[in-house]
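Asker: Right, I'll just put the structure down here and ask away after.
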Amino acid sequence: MTNATHPYDALMDITARPKAVFVRGAGSYLWDDSRKRYLDFVQGWAVNCLGHSPPAVADALSAQSRRLLTPSPAFYNEPSLKLAQALVETSCFDRVFFANSGAEANEGAIKLARKFGSVHKGGAFEIITFAGGFHGRTLATMSASGKKAFEPLFEPKVSGFKRATLNDIASVEALVTANTVAVMLEPIQGEAGVWPATDKFLQELRALTKAHGLLLVFDEIQTGMGRTGKLFHYEHAGVAPDIMTLGKGIGGGVPLAALLATEHASCFEHGDQGGTFNGNPVMCAAGLAVLEEVGKPEFLKAVTDAGLLLESELQKVSARHGLGEVRGRGLLLALDLKLPIAPAIVAQAFQEGVLLNAPQVDTLRFMPALNVTREEIAEMIDCLDAILTKAGAARRVA
């Protein structure tokens, strides 16, 4: 007998959620159980890269589910082989391991780096990560993250992580010891408020890690799969990491992630890594459909153009209301509000039928579908502009 008095109560209370129940999605829009429509500029935190329920993904899921759900990860299946080959052919990597979530992929990257240290660097195990970084919610990925809110939680954490400062190469070099095996970072720190690593810094990191024989690990869970205007963010800086993780957008809305590595870094032995649903053919079929769409040159150019338009419009909003900078790249952008009003703006936008995200109390983050239209950008901007106008008038009266 359950004590739940409402269906809401049957779920563990792990985050604040509005009472609306979403029942349908198409492209940039969601509908709740009262038939209210919402323009979605969160898209599951950059998950729905082609928007809600894109036909290409839905068709791939339907067709594959009728053919084969899973033969077990102990056997090869066709979609996982095809997706792995496609990722290798479009990247600088040689090997792929599929997972179910970004955190799981990052956990695998940490394990692979430590295995590399055990095999090739005399047992070196320490990984340099960055203040403000976010790598997931498993115990090891929380330990690797530089998120202040995580510091008091679930002690004792996994040891072996040192924290450097983003865009400060001296802070990284100062942490390198004989025990160091890798440097791991997000090219753009999403949860911290969309703080980009500069291309110059990424180039310096690559030079530093090569000089010390360290692995360079890019967490592209949020930046990968076209989000910043190139298929993978590392392409902007012209560097080739040793390990990369993908998640969120790679599945276009279904649970799929990937750990990619060069041949040099690939040192897992049988039994070191696995998972019941890893490489699931249905999920990999969705990933293939996503990669086919996102990988088109004209698609990536459209992402770049949409990102420049959104950035320009946000800069205009900032200038009108005396706000701060617009940060990010492509369609991963943030607006610095300079005041702790982001949660209130998100709540008001929700009432107006627009979904926004506040990774920090003074910051709005924008992660629309990669095929967002000019009209949808204008609709969001109009809503945000009106809310900021009312908020400014209220502050002046107060």
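This table checks each residue for (1) small (Gly, Ala, Ser); (2) closer than 18 Å to Gln189 by Cβ.
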{"position": "Gly279", "(1), (2)": "yes, no"}
{"position": "Lys296", "(1), (2)": "no, no"}
{"position": "Ser312", "(1), (2)": "yes, no"}
{"position": "Leu323", "(1), (2)": "no, no"}
{"position": "Leu331", "(1), (2)": "no, yes"}
{"position": "Lys338", "(1), (2)": "no, no"}
{"position": "Ile341", "(1), (2)": "no, no"}
{"position": "Val361", "(1), (2)": "no, yes"}
{"position": "Leu364", "(1), (2)": "no, yes"}
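Asker: Also: Could you say whether any residue in the stretch 146-160 is crowded, with 23+ Cβ neighbours inside 10 Å and out of contact with any Gly (no Cβ under 6 Å at 6 or more places or on another chain)?
Answerer: no
Asker: With the requirement that a residue be under 23 Å from Gly160 (Cα atoms) and within 15 Å of the chain's Cα centre (by Cα), what does the stretch 198-230 give you?
Answerer: Matches in the stretch 198-230: Val217, Phe218, Asp219, Glu220, Ile221.
Asker: Looking at Leu246, Leu205, Leu185, which is the one that is closer than 24 Å to Phe116 by Cα, without any contact (Cβ under 8 Å) to a residue 40 or more places away in the chain and buried (at least 21 other Cβ atoms within 10 Å of the Cβ)?
Answerer: Working: Leu246 fails: without any contact (Cβ under 8 Å) to a residue 40 or more places away in the chain; Leu185 fails: without any contact (Cβ under 8 Å) to a residue 40 or more places away in the chain.
Criteria check complete, one pass: Leu205.
Asker: Which of the residues belonging to the stretch 164-182 are within 22 Å of the chain's Cα centre (by Cα) and crowded, with 18+ Cβ neighbours inside 10 Å? It would help to see each step written out before you state the result.
Answerer: Here is the first cut: in the stretch 164-182, the ones within 22 Å of the chain's Cα centre (by Cα) are 164-167, 182.
Within the stretch 164-182, Ala164, Leu166, Ala182 qualify.
Asker: Is it the case that some residue within the stretch 126-138 is surrounded by 23 or more Cβ atoms within 10 Å (Cβ to Cβ), farther than 21 Å from Gly253 by Cβ and either at pLDDT below 95 or in contact with a Phe, Trp or Tyr (Cβ under 7 Å, 6 or more places away or on another chain) (or both)?
Answerer: Yes: the stretch 126-138 contains one or more residues that are surrounded by 23 or more Cβ atoms within 10 Å (Cβ to Cβ), farther than 21 Å from Gly253 by Cβ and either at pLDDT below 95 or in contact with a Phe, Trp or Tyr (Cβ under 7 Å, 6 or more places away or on another chain) (or both).
Asker: Just to be sure, is His236 modelled with pLDDT of 95 or more, out of contact with any helix residue (DSSP H, G or I) (no Cβ under 8 Å at 6 or more places or on another chain) and at negative phi?
Answerer: no
The values are calculated or read from the model by the stated rules, or taken from the named source; none is laboratory data. Computed from a prediction, not measured in an experiment: that's the story for all the values here. Positions of Cβ are backbone-derived with ideal geometry, glycine not excepted, and every protein chain shown enters the neighbour counts.
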